[in-house]
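Each remark here refers to the structure printed beneath this line.
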Amino acid sequence: MSVEVHHVAEGPPQAPLLVLSGSLGSTLEMWRPQVEALSDRFRIVRYDIRGHGRSPVPPGPYSLADLGGDVLRLLDRLGAERAHFAGLSLGGMTGMWLAAHAPERIDRLALLCTAPKMPPEAWRQRAQTVREQGVGAVADGVVERWFTPGYAEREPEVVAMMRRMVAGVSAEGYAGCCTAIEHMDLRPDLARITAPTLVVAGGEDPATPPADAERIAAAVPDARLHVLDGGAHLASWERAEEVDGLLRTHFGGAAPTGGARPASKESR
């Protein structure tokens, strides 16, 4: 059953609606760079995933259909028939589900640092750890994957802020979303996506490496792929300027620039 997630809307009320969906362990604050860069052109709606931030924490486990249903309920509350959607990591998984199962609600789609399927055992173990020890037990490892070592050394205050963000998530909410990823297999859905799709990968992302992005872009009809030189899992923050440019161009309706290319059939 869907829940009413906490959200914030910024930008001109009549501008095209762009929904931003974040990573496991994040709150809507992870999208701060994109709000600053894009809210002049778009009506930006950020939200806390169920079990995160100020959103409700229903008893787990959760499914990807639950997370997608929360977005559909949010769109209904906003009175929006359709919206652009950008998701990173778990947010990108939610975006793929939405574009395949509710295509009439998604206009253009951006998938950042995400994957259509992940090793289930790792997520089963992480959910167990979090339920037994709290999210703080995994926070250091999560944030280590979010940023490259060089960035983490240059920006220790950002790393500390993000660690606090992760550690502050409800254990039940975090573990419930781990289970959604554990049971996820979006590969059969990718060919059904009709929304114009941009796929972005961080060149140094250890969590969802570029090979995952290549698989998505090869399977989604006419998807375009951009691999950032450098940048780890939270590319929306570490490589914000480049990501902002890609999103602005993609959702503005023109072909992405700066090296984006059509996915080739040979890379399937």
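Any residue at all in segment 13-22 that is in contact with a Leu (Cβ under 9 Å, 6 or more places away or on another chain), part of a loop (DSSP other than H, G, I, E, B) and modelled with pLDDT of 95 or more?
For segment 13-22, residues in contact with a Leu (Cβ under 9 Å, 6 or more places away or on another chain), part of a loop (DSSP other than H, G, I, E, B) and modelled with pLDDT of 95 or more: present.
Are any of the residues in segment 54-69 in contact (Cβ under 8 Å) with a residue 12 or more places away in the chain and in contact with a Pro (Cβ under 6 Å, 6 or more places away or on another chain)?
Scanning segment 54-69, I find no residue that is in contact (Cβ under 8 Å) with a residue 12 or more places away in the chain and in contact with a Pro (Cβ under 6 Å, 6 or more places away or on another chain), so the answer is no.
Output the number of residues of segment 156-211 satisfying the condition of being touching a Ser or Thr at 6+ places or on another chain (Cβ under 7 Å), assigned to a helix (DSSP H, G or I) and open to solvent by 10 Å² or more (accessible area, probe 1.4 Å).
Residues meeting the conditions: 1.
Of the residues His233, His226, which single one is under 20 Å from Ser21 (Cβ atoms) and part of a loop (DSSP other than H, G, I, E, B)?
It is His233.
Restricted to segment 236-268, and to residues that are surrounded by fewer than 16 Cβ atoms within 10 Å (Cβ to Cβ) and assigned to a loop (DSSP other than H, G, I, E, B), which residue is modelled with the lowest pLDDT?
Ranking the qualifying residues of segment 236-268, first place goes to Arg268.
Taking the residues in segment 1-16 that are within 19 Å of the chain's Cα centre (by Cα) and surrounded by fewer than 22 Cβ atoms within 10 Å (Cβ to Cβ) as candidates, determine which candidate is farthest from Arg77 (Cα to Cα).
So, considering only residues that are within 19 Å of the chain's Cα centre (by Cα) and surrounded by fewer than 22 Cβ atoms within 10 Å (Cβ to Cβ), the one farthest from Arg77 (Cα to Cα) is Glu10.
Could you list, in sequence order, all residues of segment 23-33 that are among the small types (Gly, Ala, Ser), at negative phi and either assigned to a strand (DSSP E or B) or in contact with a Cys (Cβ under 9 Å, 6 or more places away or on another chain) (or both)?
The answer is Ser23, and nothing else.
With respect to Ser39, determine if the residue is of a type in the set (Ser, Thr, Tyr) and over 17 Å from the mean Cα position of the chain (by Cα).
Against the criterion (of a type in the set (Ser, Thr, Tyr) and over 17 Å from the mean Cα position of the chain (by Cα)), Ser39 qualifies.
Restricting the search to segment 34-44, which residues are under 20 Å from Gly92 (Cβ atoms) and part of a loop (DSSP other than H, G, I, E, B)?
Phe42
The values are calculated or read from the model by the stated rules, or taken from the named source; none is laboratory data. Here the structure is a predicted model, which is why all the values come from computation and not from measurement. Ideal geometry is used to build each Cβ from the backbone, glycine not excepted, and the neighbour counts take in all protein chains shown. To get the accessible areas, we keep the full protein, side chains included, count just its heavy atoms, and leave off ligands, DNA and RNA. Shrake-Rupley method; radii C 1.70, N 1.55, O 1.52, S 1.80 Å.
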